[in-house]
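The values are calculated or read from the model by the stated rules, or taken from the named source; none is laboratory data. On a predicted model such as this, the values are computed, not experimentally measured, just so you know. Cβ sites come from the backbone with ideal geometry, for glycine too, and all protein chains shown count toward neighbours. Only protein heavy atoms, including side chains, enter the accessible area calculation; ligands, DNA and RNA are left aside. Shrake-Rupley method; radii C 1.70, N 1.55, O 1.52, S 1.80 Å.
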Amino acid sequence: MEDPVVKELILKCQQARARAYCPYSKYPVGAALLTKEGKIFQGCNVENASYGLTVCAERTAIQKAISEGYREFCAMAINCDMKNNFIGPCGACRQVLMEFTPHWDLYLVKLDGTCEKTTLKEILPYAFSPLDLEAK
């Protein structure tokens, strides 16, 4: 990717992955979230011995941004230890991302830094969103 913002997102999600707390799964994941204002928030997965309390990297980044007053986002890069496959967000994270807009650019990043661009709408077709609550 030539875009300097995308390059920074990729670097930031890789840095976040390095900080993941994943003693149970041994599956570190990092995310970098870009706000409409150009600010980047990083997140990593944080596991818990009570597995249901584990938080994914994507939701960590979103929660950090929301807690700092940001509500409009345009892109996210996600990185995990996969060498051969591009891995997208889990279903719960896709739903959380959909809360804010279906028009996200997602950069799925392999361990070596190569990435594939997709959109939230592409990976979560027929999604339930706040717009559905307005259409009742």
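Send over the per residue convex hull volume for region 81-124, Cα only, as a whole number of Å³.
67
Take the Cα pairs of region 32-76, get the Kirkwood Rh, then feed it into Stokes-Einstein at 20 °C and 1.002 mPa s and tell me D in µm²/s.
D, rounded to a whole number, is 198 µm²/s.
With a 1.4 Å probe and every protein chain kept in, tell me what percent of the accessible surface of the chain is carbon plus sulfur.
53
For the chain, give me the percentage of DSSP beta bridges that are antiparallel, rounded to the nearest 5 percent.
Around 75 percent antiparallel, to the nearest 5.
For the residue pair Leu133 and Ala49, what label-to-label distance in nm results when each label sits 7 Å from Cα along the Cα-to-beta-carbon direction?
The modelled label-to-label distance comes out at 3.6 nm.
Tabulate in residue order the Karplus-calculated ³J(HN,Hα) for region 89-100, using 6.51 cos²θ - 1.76 cosθ + 1.60 with θ = phi - 60°, rounded to whole Hz; enter x for Gly and Pro.
For region 89-100, the Karplus-derived couplings read x, 5, x, 4, 5, 4, 5, 5, 4, 5, 4, 9 Hz, x marking Gly and Pro.
Within region 111-136, whose backbone N sits under 18 Å from a point 7 Å along Cα→Cβ of Glu99?
Residues passing the 18 Å test: 120-121, 124, 127-134.
Would you mind calculating the gained length between Thr114 and Tyr27 on full extension (0.36 nm times residue separation, minus the Cα-Cα distance), in nm to one decimal?
Result: 29.5 nm gained on full extension.
When the convex hull of the Cα atoms of region 1-92 is projected onto a plane and the area is averaged over all directions, what value comes out in nm²?
6.3
Determine the calculated [θ] at 222 nm for the chain from helices alone, applying -39500 (n - 2.57) to every DSSP H run no shorter than 4 residues and normalising by the residue count; nearest 500 deg cm²/dmol.
The helix-only estimate for the chain comes to -9000 deg cm²/dmol at 222 nm.
Which loop trypsin sites (Lys or Arg not before Pro) in region 1-67, with loop taken from DSSP, have no more than 10 other Cβ atoms within 10 angstrom of their Cβ?
Here the sparse-neighbourhood loop sites are Lys26.
Is region 44-136 rounded, prolate or oblate when judged by the Cα gyration tensor, a ≥ b ≥ c being the square roots of its eigenvalues, rounded requiring a/c under 1.5 and prolate requiring a/b larger than b/c?
Judged from the Cα gyration tensor, region 44-136 comes out oblate (a/c at least 1.5, b/c at or above a/b).
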